[in-house]
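Asker: What follows is a structure written as structure tokens; I'll ask about it next.
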Amino acid sequence: AASPAWAANYATCILDKAPGVANDTAANAVHQLCMSEHPGGIQAVPQGSGRGFFGFSSGAECTAKKAGETRSNRAAVMVGVACRRLYDEPIKFVPFTGKLDGE
């Protein structure tokens, strides 16, 4: 028997459970389950924390791979949000200016 997978945070929980979900009722159940396991939700996941040697190169790449076969629009959106949080680079602000780095 396989042991259950453990998700490190809300975003990885969503990426473990939401791909392939066929309806919005099941997608809502995935959200509730992941929130019960990770009460901080998506806000508790550091932006870009999934980036690394073995991760996706961007949130778009992750979303295309993970949400492509997901029929539930709600689940696909949840996957996209989780992918962007984990794999898109953090936005850097210049302190005390209110501007983005490079503006």
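Asker: Considering only residues that are open to solvent by 30 Å² or more (accessible area, probe 1.4 Å) and among the aliphatic types (A, V, I, L, M), which ones fall in segment 25-46?
Answerer: Hits for segment 25-46 are A26, A29, L33, M35, A44.
Asker: Let me ask something additional. Is it the case that some residue within segment 20-33 is under 11 Å from the mean Cα position of the chain (by Cα) and modelled with pLDDT of 95 or more? Don't jump to the end; show me each part of the working.
Answerer: The first filter runs over segment 20-33 and keeps only residues under 11 Å from the mean Cα position of the chain (by Cα), leaving none.
Taking every residue of segment 20-33 in turn, none turns out to be under 11 Å from the mean Cα position of the chain (by Cα) and modelled with pLDDT of 95 or more.
Asker: Do we find a residue being hydroxyl-bearing (S, T, Y) and open to solvent by 30 Å² or more (accessible area, probe 1.4 Å) anywhere in segment 2-24?
Answerer: So far as segment 2-24 goes, yes, one or more of its residues are hydroxyl-bearing (S, T, Y) and open to solvent by 30 Å² or more (accessible area, probe 1.4 Å).
Asker: May I pose another question? Counting just the residues of segment 47-69 that are among the polar types (S, T, N, Q) and in a loop (DSSP other than H, G, I, E, B), which one comes out surrounded by the fewest Cβ atoms within 10 Å (Cβ to Cβ)?
Answerer: In this case the residue turns out to be S57.
Asker: When you go through (1) surrounded by 16 or more Cβ atoms within 10 Å (Cβ to Cβ); (2) acidic (D, E); (3) more than 11 Å from the chain's Cα centre (by Cα) one by one for D88, which number turns out not to apply?
Answerer: Tallying (1) surrounded by 16 or more Cβ atoms within 10 Å (Cβ to Cβ); (2) acidic (D, E); (3) more than 11 Å from the chain's Cα centre (by Cα), D88 fails exactly one: (3).
Asker: Right, another one. Give me a count of the residues in segment 20-33 that are in contact with a helix residue (DSSP H, G or I) (Cβ under 6 Å, 6 or more places away or on another chain) and either within 21 Å of A44 (Cβ to Cβ) or without any contact (Cβ under 8 Å) to a residue 24 or more places away in the chain (or both).
Answerer: If we filter segment 20-33 for residues that are in contact with a helix residue (DSSP H, G or I) (Cβ under 6 Å, 6 or more places away or on another chain), which is where we start, we get 21, 24, 27, 30.
With either within 21 Å of A44 (Cβ to Cβ) or without any contact (Cβ under 8 Å) to a residue 24 or more places away in the chain (or both) added as a condition, the list becomes 27, 30.
Going through segment 20-33 one residue at a time, the tally reaches 2.
Asker: Looking only at residues in segment 71-85 that are open to solvent by less than 30 Å² (accessible area, probe 1.4 Å) and either touching a Gly at 6+ places or on another chain (Cβ under 6 Å) or not in a loop (DSSP other than H, G, I, E, B) (or both), which one is farthest from G40 (Cα to Cα)?
Answerer: Taking the candidates together, the pick is A76.
The values are calculated or read from the model by the stated rules, or taken from the named source; none is laboratory data. Predicted, not measured: the structure shown is a model, and the values here were computed from it. All Cβ positions, even for glycine, are placed from backbone atoms using ideal geometry, and neighbour counts span all protein chains on display. What goes into the accessible areas is simple: the full protein's heavy atoms, side chains included, and nothing from ligands, DNA or RNA. Shrake-Rupley method; radii C 1.70, N 1.55, O 1.52, S 1.80 Å.
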